[in-house]
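The values are calculated or read from the model by the stated rules, or taken from the named source; none is laboratory data. Predicted model, so just to flag it, every value in this text is computed and none were measured. Every residue, glycine as well, gets a Cβ built from its backbone with ideal geometry; the counts of neighbours run over all protein chains shown.
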Amino acid sequence: MSIRSLRAAVSFLTVLPVANSDGSPGARLGRAYFPAIGALVGLGAGAVLIVVGAATTPLLGAAAAVAALCLLTGAIHLDGLADSADGLLGRGDVAHRLEVMRDPRLGSYGVTAIAAVLLLDVAAISSMSPARGLAALVIAGGLSRLAVLAVIVLVPYVRASGLGVAAWDSRRRAFDVVVGAVSAGVACALDWRRALIALPFVALTALVLIVLARKRVGGVTGDVCGATAELCQLAVLLVFAVR
């Protein structure tokens, strides 16, 4: 654990300009900090939800909160979701699927995935009280990034280059998972009962993505991790939306 790793994780997962001065990715891309940073991003979005919702309507507050999530993260996870949808759900062999996932252009699956997830995010958040919405966003941020960390630790990376090479470093895996789990656990303290209910849905969502990625491309990529973050975040929000 180091300041360099923390800076690398913040720089990778958010738009904040705190990258290491030498441009290095930091040890294992700071993956142990992923859940903590996800929870903090959720906290920022929750603050937007409360302020905008109080001044306007719950629906506009929810839309503003989702927009804040996109702005704070640079929509990096949504981009991964779209690329994963195009690559994993489309036709072709492994090489073609991986090439499609690298292509910056969006296909019909990618556009549909983004639209569906954003609409469901807004609908779920707008159905909650401000206090529950804040807790949901913080917990969703922590648990979804914990799921990403689990994917990195448990599933092989299929590309030969890219930032994923640093993130998939095999050193100190158990330590990073423990640190990440503790961070997510602290976030879950805001509403531990609903967090416990959400946890199996997060695990199931991540498992489905892992199985699909292993079947279609033989492992996972950074895009699959982005899809994991978005879909697991949505799973938590949907659980919190249940009355």
Inside the stretch 67-81, can you point out the residues that are within 13 Å of the chain's Cα centre (by Cα) and part of a helix (DSSP H, G or I)? Leu69, Cys70, Leu72, Thr73, Ile76, His77, Leu78, Asp79, Gly80, Leu81
Test Leu234 against the criterion of being more than 18 Å from the chain's Cα centre (by Cα), part of a helix (DSSP H, G or I), at pLDDT 95 or above and farther than 27 Å from Val94 by Cβ, and give yes or no. no
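Anything in the stretch 91-106 that is buried (at least 16 other Cβ atoms within 10 Å of the Cβ) and either aliphatic (A, V, I, L, M) or assigned to a loop (DSSP other than H, G, I, E, B) (or both)? List them, or say none.
Initial filter on the stretch 91-106 (buried (at least 16 other Cβ atoms within 10 Å of the Cβ)): 97-98, 100-101, 106.
If the condition is that a residue be buried (at least 16 other Cβ atoms within 10 Å of the Cβ) and either aliphatic (A, V, I, L, M) or assigned to a loop (DSSP other than H, G, I, E, B) (or both), then Leu98, Val100, Met101, Leu106 are the ones that fit.
Kindly indicate which of Leu204, Leu137, Leu209, Leu120 is in contact with a strand residue (DSSP E or B) (Cβ under 9 Å, 6 or more places away or on another chain) and closer than 22 Å to Gly42 by Cβ.
On the way: Leu204 fails: in contact with a strand residue (DSSP E or B) (Cβ under 9 Å, 6 or more places away or on another chain); Leu137 fails: in contact with a strand residue (DSSP E or B) (Cβ under 9 Å, 6 or more places away or on another chain); Leu120 fails: in contact with a strand residue (DSSP E or B) (Cβ under 9 Å, 6 or more places away or on another chain).
Residue meeting the stated conditions: Leu209.
Run down Ala45, Ala8 and say which single residue is in contact with a Gly (Cβ under 9 Å, 6 or more places away or on another chain), modelled with pLDDT of 80 or more, part of a helix (DSSP H, G or I) and among the aliphatic types (A, V, I, L, M). Before the answer, list the steps.
Values: Ala8 fails: modelled with pLDDT of 80 or more.
After ruling out the rest, the residue left standing is Ala45.
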I'd like to check something: does the stretch 21-34 contain any residue that is touching a helix residue (DSSP H, G or I) at 6+ places or on another chain (Cβ under 7 Å), assigned to a helix (DSSP H, G or I), charged (D, E, K, R) and at pLDDT 85 or above? yes
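Listed residues Asp176, Asp169; which is in a helix (DSSP H, G or I), at pLDDT below 95 and out of contact with any Phe, Trp or Tyr (no Cβ under 6 Å at 6 or more places or on another chain)? Show your work before the answer.
On the way: Asp169 fails: in a helix (DSSP H, G or I).
Of the residues listed, the single one that is in a helix (DSSP H, G or I), at pLDDT below 95 and out of contact with any Phe, Trp or Tyr (no Cβ under 6 Å at 6 or more places or on another chain) is Asp176.
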